[in-house]
1. Among the residues of region B:45-78, which ones are modelled with pLDDT of 75 or more and part of a loop (DSSP other than H, G, I, E, B)?
2. Find all pairs meeting these conditions: Cβ atoms under 9 angstrom apart; at least six residues apart or on different chains; first residue within region B:30-58 and within 27 Å of residue B:91 (Cβ to Cβ); second residue of a type in the set (Lys, Arg).
3. When only residues in region A:85-102 that are in contact (Cβ under 8 Å) with a residue 12 or more places away in the chain and of a type outside the set (A, V, I, L, M) count, which is surrounded by the fewest Cβ atoms within 10 Å (Cβ to Cβ)?
4. From the list A:96, A:90, A:81, exactly one residue is farther than 25 Å from residue B:86 by Cα and more than 9 Å from chain B (Cβ to nearest Cβ). Which is it?
5. Answer yes or no: is there a residue in region A:11-20 that is modelled with pLDDT of 70 or more, within 8 Å of chain B (Cβ to nearest Cβ), part of a helix (DSSP H, G or I) and more than 29 Å from the chain's Cα centre (by Cα).
6. Going through region A:31-60 one residue at a time, which ones are at pLDDT below 85 and either closer than 16 Å to residue A:96 by Cα or buried (at least 16 other Cβ atoms within 10 Å of the Cβ) (or both)?
7. Have a look at B:84, B:130, B:125 and point out the one that is in contact with a helix residue (DSSP H, G or I) (Cβ under 9 Å, 6 or more places away or on another chain), surrounded by fewer than 15 Cβ atoms within 10 Å (Cβ to Cβ) and within 9 Å of chain A (Cβ to nearest Cβ).
8. Name the residue that is farthest from the chain's Cα centre (by Cα), counting only residues in region B:88-112 that are surrounded by fewer than 21 Cβ atoms within 10 Å (Cβ to Cβ) and within 7 Å of another protein chain (Cβ to nearest Cβ).
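The values are calculated or read from the model by the stated rules, or taken from the named source; none is laboratory data. Note that this is a predicted model, so its numbers are computed, not measured. Counting neighbours? That spans all protein chains shown, and the Cβs are built from the backbone with ideal geometry, glycine included.
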Amino acid sequence: MEEQSQIQDTGLFGLSIDTTGRAHLTEAARWARFLAIVGFIFIALVAVSLIAGGSFFASMFGRVNQYNEVGSGLATGMTIALIVYYLCIALLVFFAYLFLYRFAVNMKLALQGNSQELLNRSFQNLKILYRYWGILTIIGLVFFALFVVIILLGRASM
Amino acid sequence: MDDQSILELQVDQTASKNLSEVSRWAKFLSITGFVFMGCMLIVFIAMRSQIASTLSQVIPGFADVNSLGVLVAFFIIIAGIVFLLMYFLFRGSILIKKGIETKSQDMFNNGLASLKAYFMMYGILAIIALISNFVSIF
């Protein structure tokens, strides 16, 4: 009962999704859904071409290394490592698009059915999306800083 | 209007907590984007003659007619697009956060408008990228 009166309080004096906000969010959700679907298709194409192209790259490396028997096993290993590396990146990006898709779909349903629960779930996915990108960016920046430090140390030692 | 606001969807405690965190991360991402863009610009200006000479070796005939001008124009267009994207994200994050803190519906709506503009611009860029990819296939 108390919770209910609190919700009504925030309704009367707090922020709400009015007609203007509704229009903006509808449009945002539409574009976000489109982006997510394009992203899914792109990732699927990349994954398929990586797996299908893997054997091609392996045979290419094999041909290059046919006179070098020691190196051929190494080259195949490198190819597999590269493919796994790119598949991992594809998986990382896939999760970002999944959160974007969930934001868009929940927002659309929330606005259509006036559902507070779906609206909150949609905003929660938007939060996860930005937090995810933020953490990935921080990791990228750390790697970049390490790279710069290694290069500077290498120059200093020369 | 008051009657309707009871029936409308509310930005309740859960939603405002989530949106505050969205705006915090979005602000961080947009500022990182601005700094990255600035660094790229500095590197480009500092190394423009080297970039032009390298490209002229790869692309024959690049060295003649105003090729550096074309390169600069291309870079400015890309920088402008990225700047605009980051600006929408930054503006959206600031306005949504301020709107929640001061309970200002106007500010909050303007923040949502910026978020919409951000997604819309991203979508249009994706369409352009798709079309250019199709054109290059055929």
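1. Scanning region B:45-78 gives a single hit, B:47.
2. Partner pairs satisfying both residue conditions: B:30/B:91.
3. Checked region A:85-102; the qualifying residue surrounded by the fewest Cβ atoms within 10 Å (Cβ to Cβ) is A:95.
4. One residue alone meets the criteria, A:81.
5. Yes - at least one qualifying residue is present in region A:11-20.
6. Within region A:31-60, A:54, A:57, A:58 qualify.
7. B:130
8. Taking the candidates together, the pick is B:103.
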